[in-house]
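Take a look at the structure below.
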Amino acid sequence: MKNRALSAAARTVLRGQYVSHCYGRAASQAIRCVHAQRPAGDANPTPMETLVDSSNPPMAFPCLDALETRTASLEARSLSTGPEPSYTTGQHSSFHSQKPLLLDWGGVLPEFGIAYETWGTLNSDRSNVILLHTGLSASSHAHSTPLNPQPGWWEKFIGPNETLNTDKYYVICTNVIGSCYGSTGPGSIDPADGQRYATRFPIVTMQDMVRAQFRLLDSLGIEKLYASVGASMGGMQSLAAGVLFPERVGRVVSISGCARSHPYSIAMRHTQRQGTCYGLATNATGIFSNKEPLVLMMDPNWSRGFYYDRIPPHAGMKLAREIATITYRSGPEWEQRFGRRRADPRRPPALCPDFLIETYLDHAGEKFCLEYDANSLLYISKAMDLFDLGYAHQAHMARLREENRDRLARLEGVEGAAENGGNNDMCNLTLPDTPYEEQPSQGSEGAQADIVGEPPADLVKGLAPLRNHRTLVMGVDSDILFPAWQQREIAETLRKVGNRRVTHVELGEDVSLFGHDTFLLDTKHVGGSVKEFLEG
């Protein structure tokens, strides 16, 4: 049942990949070409012109008309105010660091800002602080505030006597660096030249985000957290906070996260970023050809990241969100919500959204495509791919940071810093020299043993800093993006480390069919478990 519904959703998005670029100029040419009259004296019709007398009328594509209309409206805006949306979720507090931040892969932010919001009251010894980490596309607005009364993304989980009890705790939620909701990201101004970073923004990691968060904590005089809490990408950050700053973190909560990114999740995020399908276009003669590549980085409006003050890649963003949405919920839930029902069974089938599941995906993409910066999606999703708390990876990153220490020293004006020190090439990731070839030794048997067998020794060593931390690890059986075995891996690894205070909770499909989004929706089981853990 789960696979059947997911397969139908996947076909919907793949079909969207095939036609989603038939908008703007190309779509207009195609439609006009179907109905065009041949010039006088032209006795040789083009292949497209022969469709004028086709046995059947041409199909209508309202979904493509909508894309074309949006492009036209954004084009009109660019003549005055510019097409880029104002990515904001209302008023928030801001922290600005004039001290440079050295990033894991060799990049440096000469200065940076973090947007954050708080709830509750900080006690006298500053010992009741909970740092709440966000998912990929969330802002710092986890709950409504007097300055911003709009409901937040974890609205029902924060408040007096709620999961994060504001009668007891002082809750801080930040927008991560690399994002577009007030923290420094690709859309921010590079102080070196006064221009937007765009794709000159350096590669960032989960650990970079956490280090920036702890700069904020330093500025607030907070030496130790009562707890580090997060779900999805936030669950990854929560673990990273404990590993990077074990003496500054009390308890750790990781919901629907992982200790290292695995191939399926990486593959899905790659597809959102880049994609490999091709769409319909028309050439000068009006003949259809497969020339326009699709999804976010392949959207012509992306312009290698330099689209600011022009038309943003809204079509690619829409499709990227549709692909992501497939991974956020579960097949059994969709069977119950949508089944095989069509939006309007009285009408003949259409290639545009037709089944209810298709209209659901279409709505999710429409809602998101102008609410989040495309470059931020690229950078933050890549940071998720790079996440690995294994010891070897951590040691490699530590060596790179040491090699690049002189870059930071020069920015800080430290006397004696090497003029050409640091590995400047490391902040640019490149393709390997040779393409991938299947290796017989890397078959499925080894991968399966890794999943169900003993925790990898490298990961056990990497999570050793958490041997004494009370830790809650939660997973959801219906989650296909971060499957429940990945949370079991965290719990089993921590126990192997010697941690005797690990609580592992796994919600079966009899409890929740909401898939990965369970952490946003289930106040009873997710919220109840977190509340009990924090107060126990």
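Distance between the 7 Å Cα→Cβ label points at W485 and E371: 3.4 nm.
Can you pull the percent of segment 492-536's accessible area that's carbon plus sulfur, 1.4 Å probe, other chains left in place? Of all accessible area on segment 492-536, carbon and sulfur atoms account for 48 percent. Positive-end ranking of S256, Q213, G234 along the dipole of segment 192-261, with charges on Cβ about the Cα centre, is headed by S256. For segment 128-242, what does the accessible surface come to per residue with a 1.4 Å probe? Please give it in Å². Accessible area per residue, segment 128-242: 29 Å². Note on surface exposure: T327, T145, T121 rank T121, T145, T327 by accessible area, highest first, 1.4 Å probe. Taking segment 126-201, how much of its Cα-Cα pair set, in percent, is spaced more than 17 angstrom apart? Here the long-distance tail beyond 17 Å is 53 percent of all Cα pairs in segment 126-201.
Accessible surface of D299, taken over heavy atoms with a 1.4 Å probe and every protein chain present, rounds to 0 Å². For a label point 7 angstrom out from the Cα of V511 toward its Cβ, which stretches of segment 153-169 have the backbone nitrogen within less than 14 Å? Output list for this probe position: empty. In the distance distribution for segment 158-208, Cα-Cα pairs more than 17 Å apart total 53 percent. A simple charge model with +1 on the Cβ of Lys and Arg, -1 on the Cβ of Asp and Glu and nothing else charged puts the dipole of segment 306-345 at about 100 debye relative to its Cα centre. Please name which of A364, F387, I311 has its Cα lying farthest along the dipole of segment 295-421 towards the positive end, using unit charges on Cβ (Lys, Arg +1; Asp, Glu -1) and the Cα centre as origin. The listed residue farthest towards the positive side: A364. With all projection directions averaged, the alpha carbon convex hull of segment 290-371 covers 7.0 nm². Once you reduce segment 453-489 and segment 318-344 to the center of their Cα atoms, the two points are 28 Å from each other. Relative to the Cα centre, the charge distribution of segment 472-536, modelled as +1 at Lys and Arg Cβ and -1 at Asp and Glu Cβ, gives a dipole magnitude of about 440 debye.
When +1 charges are put on Lys and Arg Cβ atoms and -1 charges on Asp and Glu Cβ atoms, the dipole computed for segment 167-231 relative to its Cα centre reaches about 80 debye.
Net length available on complete extension from E155 to K224 is 22.3 nm, with 0.36 nm assigned per residue and the Cα-Cα distance removed. Peptides 171-180, 382-391 ranked from most to least packed give 171-180, 382-391, packing being the mean of other C-beta atoms within 10 angstrom over each peptide's residues.
Along the Cα-to-C-beta direction of S124, a point sits 7 Å from the Cα; which residues of segment 208-236 have their amide N less than 18 Å from that point? It comes to 222-223, nothing else.
Given a 1.4 angstrom probe, I'd like the percentage of the accessible area of segment 202-282 that is carbon and sulfur, rounded to a whole number. After summing per-atom areas, the C and S share lands at 57 percent.
The values are calculated or read from the model by the stated rules, or taken from the named source; none is laboratory data. Bear in mind that the values here come from a model prediction, so they are computed numbers and not experimental data. Reconstructed Cβ throughout: ideal geometry from the backbone, glycine too, with neighbour counts over all protein chains shown. Protein only, heavy atoms only, side chains kept; ligands, DNA and RNA dropped before computing areas. Shrake-Rupley method; radii C 1.70, N 1.55, O 1.52, S 1.80 Å.
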